[in-house]
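The structure appears below as structure tokens.
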Amino acid sequence: MPAVLCAALVVGCGSSSGGISSADAKNLVLRASDLPAGFAPFADGPTASLDTQGTARADLQRFGRQGGWVMRLKREGGASQTGPLVVVSTVDVFSGSGGAKSDLEAYARDFARQVDTGLAKRVAVRNLGDDAVAARVAGPGAGSSFLIAWRKRNATASVTASGLAGKLTLSDVLALARRQEAKLARAA
């Protein structure tokens, strides 16, 4: 019996070690220096209820969430540019990996709802974080957006990029997500 208890304690300790701290959230989103030249922030701050309103992730206390951050950037004079014109980078930190798994499932439900209504198409993303989900949304007029969300240990992160259809690719947005994922991988 004591050996079983000891093993349970070791497993429990292992799952909490290496967690990402909510105090680091603002350093785990993309910044202008992480993007191609010409991007400038237009909103930067802790996640607010308006950021998640109308989603399966609307409750800021969901799943043991400890904090989060949102960075919004836009490209100056970008109407004729290839690649993203607007980028939104987020991170949410949870008390454990279970909360992050539940949060990624909530992202997946939101994406599935958009697919079901014909607003989005699923896209495959591999080798990003511990798990990932993604969708492509056709915007009004000539607009297009890609939404990528993933989980790394006890945090979820997302990158949403909008641009002109035909000038914005999944590869563009995935490259940004991988830059942000590297920040999460370095976080202790």
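Contact map, region 90-111: first residue free of Cβ contacts under 8 Å to residues at least 40 places away in the same chain, second residue in a helix (DSSP H, G or I), Cβ cut-off under 8 Å, separation 6 or more or different chains; pairs are Gly98/Phe63; Gly98/Gly64. Across region 33-88, the qualifying residues are those that are under 21 Å from Thr169 (Cβ atoms), surrounded by fewer than 18 Cβ atoms within 10 Å (Cβ to Cβ) and small (Gly, Ala, Ser), and the one among them that is modelled with the lowest pLDDT is Ala79.
The values are calculated or read from the model by the stated rules, or taken from the named source; none is laboratory data. Since the model is a prediction, treat every value here as computed from it, not as a measurement. Neighbour counts run over all protein chains shown; Cβ positions are idealised from the backbone, glycine included.
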